Amino acid sequence: MRFDLTKEFLEELNRAIHNQDQNWIRENILELHYADIAEIIDNVQMDGARFIYFSLSEDTQADVLMELDEEVRDRFFNSLSSKEMAGQLENLDSDDAADILGELSEEKIQEVISQMEDDEAAEDIVDLLNYDEDTAGGLMQKEFIQAKLDWPVNRCLVELRRQAEDVEKVYTIYVVDDYNKLVGLLSLKRLLFADPKTKIRDLYNAKNVISLKTSDESEEVVRIIEKYDLVAVPVVDLQGKLVGRITIDDVVDIIKEEADRDFQLASGISEKIELNSSVWRISRARLPWLIIGMLGGILGAQVISGFEVGISQVPALAFFIPLITAMGGNVGVQSSAIVVQSLAKGNDLFGTVRTRLAKETTVALLNGVMLATLVYGIAYLFGNIQLGIVVSVSLFVVIFFAAIFGTLIPLLLDRYNIDPALATGPFVTTLNDVLGLFIYFSVGMLLYHM
């Protein structure tokens, strides 16, 4: 049944928490989906969150913990003792446990690890912490199903039952040799219908095995899983030995984080900002691009002051300054956004600059002609034809150059390993504002013969 969190429900819940009413919690919360329970915990005070959380079974606790809002999860986890932290980590998949533990100090990590009773789980988490978090090694989990080449089917089934106790979702069986090197894949269906005495080497598929190396960047992980439409991909070390797997839910998290980061960069925010970030951190993240915007505004003012004589002779030129700057910025952002989106999908556009530039130029010419004609028509209706010519010609030229810069800038940034998302923010907008003003007044002075 679908659950909707209402104000009335929260009021009843807070009363139950205040009264330590376990019966109410059991009847109204414990049977809900773990995502709904996480939503409830996100909306209560920390004492209430602990009361609800520790009323859950261990399996449900693990699911709920990873569904919590990241800020709430960090606060909740930090409210636990080292012993409680260790107990919670043992219930999680190794990659999730490593992600949470990696946010703590080195001293705290050592303290929590020492409290873990499951030595194998502790060893897996420590191993994952040694990898960079933005690589396949840092993203993988150590829980997976594997079978040896020389195992008969009946032994394989026994071994798989034992391994499956630690694996929440079984997507495929990875086949390895005596040296633990990945050699192929085995479908669960084929295994179940095979003769008990048949060897795995006679059943597995060694063709087109897609795998990742522990050193592969997160962007490569996303590209491979998207390209081959995988729900899980094995990870091997430099010797080709199977060391983990990455599942689709981890990739979705990467995509969401990357989208959030690009959105903040495009908005002129240079650091990751959360709702509970300090005032100083928020200010520090926004200030660099605000300074760039301010300097761009000062440069734009200098451009205007350079044409002060012309403006004094034709004051009406000043009326269309907002139009020129707005259109230049909008066209530049539109062009750069399309290029950034393509680059984010892993497309190498630098080798096709001419094609990309030709396409954007054609679009700019078409849009420029239509918008310039519209502006001229409005000026004609109001009887100021000469001003209409100046504004329409300027607008056409500004749109043309804004589209070119909006296309080239993200490509150049990507070429030099700078995040191209910067091109969709204040950077390209400020540049086009200044350029647009210069073009506008230059055309105006030329056509007014000043």
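The condition of being in contact with a helix residue (DSSP H, G or I) (Cβ under 7 Å, 6 or more places away or on another chain), closer than 19 Å to PRO322 by Cα and either assigned by TED's automatic domain parsing to the domain that holds LEU323 or buried (at least 17 other Cβ atoms within 10 Å of the Cβ) (or both) holds for only one of LEU365, LEU357, LEU395, that being LEU395. GLU103 falls short on exactly one of the conditions (1) of a type in the set (Asp, Glu); (2) farther than 23 Å from ALA232 by Cβ; (3) exposed (fewer than 13 other Cβ atoms within 10 Å of the Cβ), and that condition is (3). Take GLU90 and decide whether it is touching an Asp or Glu at 6+ places or on another chain (Cβ under 7 Å) and not polar (S, T, N, Q). Spelling it out, GLU90 is indeed touching an Asp or Glu at 6+ places or on another chain (Cβ under 7 Å) and not polar (S, T, N, Q). Looking at the range 181-211 only, could you name the residues that are surrounded by fewer than 17 Cβ atoms within 10 Å (Cβ to Cβ) and either in contact with a helix residue (DSSP H, G or I) (Cβ under 6 Å, 6 or more places away or on another chain) or in contact (Cβ under 8 Å) with a residue 60 or more places away in the chain (or both)? Across the range 181-211, the qualifying residues are LYS181, PRO196, THR198.
Scanning the range 58-77 for residues that are farther than 24 Å from ASP4 by Cβ and over 25 Å from the mean Cα position of the chain (by Cα) yields GLU58, ASP59. Of all residue pairs spaced 6 or more apart or on separate chains, those with beta-carbon atoms under 6 Å, a first member in the range 146-162 that is assigned by TED's automatic domain parsing to the domain that holds VAL175 and a second member that is modelled with pLDDT of 90 or more and of a type in the set (S, T, N, Q) are VAL153/THR198. Restricting to the range 49-60, and then to whatever is of a type in the set (Gly, Ala, Ser) and more than 14 Å from PHE77 (Cα to Cα), can you tell me which residue is surrounded by the fewest Cβ atoms within 10 Å (Cβ to Cβ)? For the range 49-60, the residue satisfying everything is SER57.
Residue-by-condition table, conditions (1) under 26 Å from TYR448 (Cβ atoms); (2) modelled with pLDDT of 70 or more:
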site	(1), (2)
SER267	no, no
GLY297	yes, yes
PRO315	yes, yes
SER336	no, yes
VAL363	no, yes
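Scan the range 212-225 for residues that are surrounded by 15 or more Cβ atoms within 10 Å (Cβ to Cβ) and acidic (Asp, Glu) and the total you get is 2. Yes or no: ALA403 at pLDDT 80 or above, in a helix (DSSP H, G or I) and small (Gly, Ala, Ser)? The answer is yes for ALA403. Beta carbons closer than 9 Å, at least 6 apart along the sequence or on distinct chains, pair a first residue in the range 1-27 that is within 14 Å of ILE37 (Cβ to Cβ) and touching a residue at least 12 places away in the same chain (Cβ under 8 Å) with a second that is hydroxyl-bearing (Ser, Thr, Tyr) and surrounded by 11 or more Cβ atoms within 10 Å (Cβ to Cβ) for ILE25/SER55; ARG26/SER55.
Counting only residues that are more than 14 Å from MET327 (Cα to Cα), part of a helix (DSSP H, G or I) and without any contact (Cβ under 8 Å) to a residue 40 or more places away in the chain, the range 368-390 holds 9 of them.
The values are calculated or read from the model by the stated rules, or taken from the named source; none is laboratory data. Source: prediction; values computed, not measured. Methodologically, a virtual Cβ is constructed for each residue, glycine included, from the backbone with ideal geometry; neighbour enumeration extends over all protein chains shown.
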